[in-house]
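**Student:** Dropping the structure in here first, questions after.
The values are calculated or read from the model by the stated rules, or taken from the named source; none is laboratory data. Predicted model, so just to flag it, every value in this text is computed and none were measured. Here the Cβ is made from the backbone with ideal geometry for all residues, glycine too, and neighbour counts use every protein chain on show.
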Amino acid sequence: MFPEFKSIFDLVKAFPTEQSCIDHLERLQWNGEPVSPFDATSKVYKCKGNKYKCKNTGKYFNVRTGTIFDNTKIPLQKWFMALYVFSSHKKGISSHQLAKDISVTQKSAWFLLHRLRYAFDHPNFKQTLGNVVEIDEAGIGGQSYYKHANKKTKNEEGATISNKTSVIGMKERGGNIKAVVIADRTKETLLPIIYENVKPDSILMTDELNSYQDLGKRFEHHSVNHSAKEFVNGMAHINGVENFWSHLKRGIDGIYHSISKEHLQAYIDEFTLRFNTRKFGTQNRFDFVLSGIAGKKLTYKKLTNE
């Protein structure tokens, strides 16, 4: 086994060669029993050069196949360095800075970061939320008076919600948060998402938005009236999910500056994983992400819709 790492210096010592990175991935992915990405039931033959052969399909593969590392010439040592920096920095890292840090082109760094975000959509965070769940929406996007005239839509002014992309956040108190990009804030949009992601016996906390009024038919529902400067009413508040919004917005404003609607969900997944693993140690978070990369192949064509 390799030594534990708590710093980037420790990371370099833990993975001094490309083979040490491959060995670590194989331990996390297969735990000594290689599994074919083409047929999980197939017998697997070990070949030279860290390759394996799937008996049922006759296809060759390695530990990168079918993961975020598939079909890339960037060494795993650089991938590991990027993952360490990306996952441990609270606000993320820009592709320009990462390109300098690991000596790749900015285009490669941009694609690499998007593959990591794809892995951040971890299956462990798909579970439904329960107990006491705080729910709130946020608008992500720049304010109109900062835009160039040719970027504004008709009658667009100030920082109104109509100028931004809406996101709904659902946070279990003492637990994880889920955040999803939404088309609008109507009850027809919000309620099905809540029903799908929150257990029926949960207690819900929201603000006074009219779209939430029907939640009382299925849940115990409490709310606070922000428009009347009411932020806590007994056990009713949404301070936990608003704390997540503050982390998300500071990261976007300070590191990324601008995010397209097309990729916004991926950036939200990035901040969601960091928030949900905030109590993890550096190495635990690193291995946690690597443990969820199977079936996470992302091509440049799919990412850019070209």
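**Student:** Kindly provide the set of residues from the range 71-84 that are of a type in the set (D, E, K, R) and either touching an Asp or Glu at 6+ places or on another chain (Cβ under 9 Å) or surrounded by 18 or more Cβ atoms within 10 Å (Cβ to Cβ) (or both), ordered by number.
**Tutor:** Correct list: Lys78 only.
**Student:** I'd like to check something: does the range 172-185 contain any residue that is in contact with a helix residue (DSSP H, G or I) (Cβ under 7 Å, 6 or more places away or on another chain), without any contact (Cβ under 8 Å) to a residue 60 or more places away in the chain and surrounded by 14 or more Cβ atoms within 10 Å (Cβ to Cβ)?
**Tutor:** Among the residues of the range 172-185, at least one is in contact with a helix residue (DSSP H, G or I) (Cβ under 7 Å, 6 or more places away or on another chain), without any contact (Cβ under 8 Å) to a residue 60 or more places away in the chain and surrounded by 14 or more Cβ atoms within 10 Å (Cβ to Cβ), which makes the answer yes.
**Student:** Moving to a separate point now. Between Glu26, Glu33, which is on the phi < 0 side of the Ramachandran plot, of a type in the set (Asp, Glu) and in a loop (DSSP other than H, G, I, E, B)?
**Tutor:** Matching residue, one of Glu26, Glu33: Glu33.
**Student:** Just to be sure, is Leu248 at pLDDT 90 or above, under 17 Å from Leu129 (Cβ atoms) and assigned by TED's automatic domain parsing to the domain that holds Asp184?
**Tutor:** Details: at pLDDT 90 or above: yes; under 17 Å from Leu129 (Cβ atoms): no; assigned by TED's automatic domain parsing to the domain that holds Asp184: yes.
The answer is no for Leu248.
**Student:** So which of Asp207, Asp214 ends up being charged (D, E, K, R), within 24 Å of Ile168 (Cβ to Cβ) and at pLDDT 90 or above?
**Tutor:** Unique residue meeting the criteria: Asp214.
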